[in-house]
Amino acid sequence: MSVRSVLKKLAISLLSLIVVLVLAEVAARLAEPGPFSFFDSQPYDPAPGMDHVHKRNFAGRWDGTWYATDSLGLRGGELHPKFTPEEYRVVAIGDSCTFGKGVVDADTWPRQFESMLRAALPAGHVPVVANAGVNGYSAKQYFEVVKERCGELKPNLVVVGYTLNDFPNVTKALDENLHQGKGNLRAAIPYDLRNLLGRTALFRWMRATYYVMNRERDFQRAEELAGAVKNQGKRNPDRVAREIQYLEGMVAAARDVNAQICVFLFPYESQVYLEHYDTSAVDWLRSLCEERKIPFIDLIDEFRAGARAETPPKQLFIRGDRYHPNPAGYGIVARSVLDTVRERGWLPKAQ
């Protein structure tokens with residue numbers, strides 16, 4: 001066989017492979033929620049002291065999620081608060097779980113909560129819910145966002161959604177050990193290469209599929225590792241003091257505009273589907289809230305009950321993900337927040 005013939009076959013094979021990969025990428029992108037976009041677009045601007053903020057009036061896909069922000073950098077359609085007594089204004093604070101990574105805007109908990117409020121408010125009242133969640137944020141940024149958004153939107157209610165990776169705890173340490181420790185496939189891929197590959201929907205699909213295939217094995221390993229990481233959840237006194245400072249700052253900022261405030265903690269998948277799970281992080285955050293007379297919404301029991309309402313247990317997290325809820329999971333969050341608001345008597349009364 002001549003060299004020319006070999007090169008021709010190699011070229012045809014390479015072209016065929018490229019075509020297959022392009023078609024697979026298109027198919028993977030079509031399967032992701034939201035409008036189709038062939039390329040990922042970075043949705044953040046750098047911000048001193050905040051790491052990053054959402055670009056304003058941005059539309060594009062990033063890491064499997066369709067981002068569409070308004071002139072304030074908030075997810076969703078443009079807010080038009082009139083600041084009238086008929087409006088019930090809510091600001092939702094949090095990270096990617098509040099922003100709604102992996103789901104369309106209508107399926108996020110702030111938007112589902114807005115729909116539930118519309119039905120629960122007395123006639124003539126209008127809900128205005130601002131989704132101020134930003135991927136990668138934690139308590140330090142939550143505090144800054146509460147201050148900023150309370151000044152802009154003068155909310156009646158501020159809801160802060162913590163996640164377990166916001167502060168040191170056993171569950172976070174276990175998750176990092178299990179999914180990022182030595183011997184894990186994720187750890188074998190350099191960080192910069194992971195970020196580069198993560199811009200392709202095909203890689204995201206493969207990553208999720210790998211997790212789904214190993215889910216039961218990971219749960220079994222989680223049980224085995226629980227004892228080994230128990231001491232990694234001990235809290236640094238300085239870190240605890242900062243967390244308390246941020247929480248008290250959020251409470252003060254909300255009360256400065258006469259807004260009510262409540263707090264909840266998103267559960268990890270392992271806390272919902274394992275028979276035994278660590279409660280120390282939940283207990284700690286609950287105690288901080290109770291000491292400051294802030295309503296704390298415990299979502300774990302609600303998620304566990306929701307999952308076990310079906311056989312096999314219902315999936316409440318997006319495919320191949322350990323802590324971002326799917327639309328059904330976000331529905332549980334929205335209903336739990338509404339129940340708390342009702343129980344506290346925070347809804348306006350009918351005239």
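The values are calculated or read from the model by the stated rules, or taken from the named source; none is laboratory data. This one's a predicted model, so the numbers in the text were calculated from it and none came from an experiment. Neighbour counts are summed over all protein chains in view; Cβ atoms, including those assigned to glycine, are modelled from backbone coordinates with ideal geometry. We work out accessible area using only protein heavy atoms, side chains counted, and drop any ligands, DNA or RNA first. Shrake-Rupley method; radii C 1.70, N 1.55, O 1.52, S 1.80 Å.
Worth pointing out:
- Per residue solvent-accessible surface (Å²) - the chain, probe of 1.4 Å: 50 Å²
- Heavy-atom accessible surface of segment 30-89: percent carbon and sulfur, 1.4 Å: 60 percent
- In the structure shown, the pairs Lys55/Lys147; Lys101/Lys147; Lys82/Lys349 are assessed against 21 Å; a Cα-Cα span above that value is assigned to Lys101/Lys147.
- Near Ile261, the amide H atoms lying under 5 Å from its own belong to Val158; only residues 5 or more places off or on other chains count, and H is placed 1.01 Å from N.
- Couplings 3J(HN,Hα) for segment 58-65, derived from phi with the Karplus relation 6.51 cos²θ - 1.76 cosθ + 1.60 (θ = phi - 60°), are 9, 9, x, 9, 8, 6, x, 10 Hz, where x marks Gly and Pro.
- Cα gyration tensor shape for the chain, rounded if a/c is under 1.5, else prolate or oblate: prolate
- Taking all protein chains as they are arranged and a probe of 1.4 Å, the heavy atoms of Trp66 leave approximately 60 Å² accessible to solvent.
- Note on Leu7 and Arg217: with the Förster distance fixed at 51 Å, the Cβ-Cβ geometry gives a FRET efficiency of about 0.70.
- Listed residues Lys55, Lys154, Lys82, most fluctuating in the chain (Gaussian network, C-alpha, under 10 Å): Lys82
- Take every DSSP beta bridge whose two residues both sit in the chain; close to 35 percent of them are antiparallel.
- Residue of Phe38, Phe58, Phe303 that the Gaussian network model of the chain assigns the largest fluctuation, springs spanning Cα pairs under 10 Å: Phe38
- Normalised by the number of residues in the chain, the average gap of Cα pairs under 8 Å and 6 or more apart makes the relative contact order 18 percent.
- Residue-averaged 222 nm ellipticity for the chain, from DSSP H runs of 4+ at -39500 (n - 2.57), nearest 500: -15000 deg cm²/dmol
- Summarising the amide proton neighbourhood of Ala130: residues at separation of 5 or more, or on other chains, whose placed amide H is nearer than 5 Å comprise Val90, Val91, Ala92.
- Comparing Arg239, Arg207, Arg322 in a Gaussian network model of the chain where C-alpha atoms under 10 Å apart are linked, the largest mean-square fluctuation is found at Arg239.
- Over all other residues within a Cβ to Cβ distance under 13 Å of Glu275, the charged ones net out to 0, with Lys and Arg as +1 and Asp and Glu as -1.
- Whichever aspartates and glutamates have a C-alpha closer than 18 Å to that of Lys172, once near sequence neighbours (fewer than 8 apart) are set aside: Asp95, Asp218, Glu223, Glu224, Glu243, Glu269, Glu275, Asp278, Asp283, Asp298, Asp321
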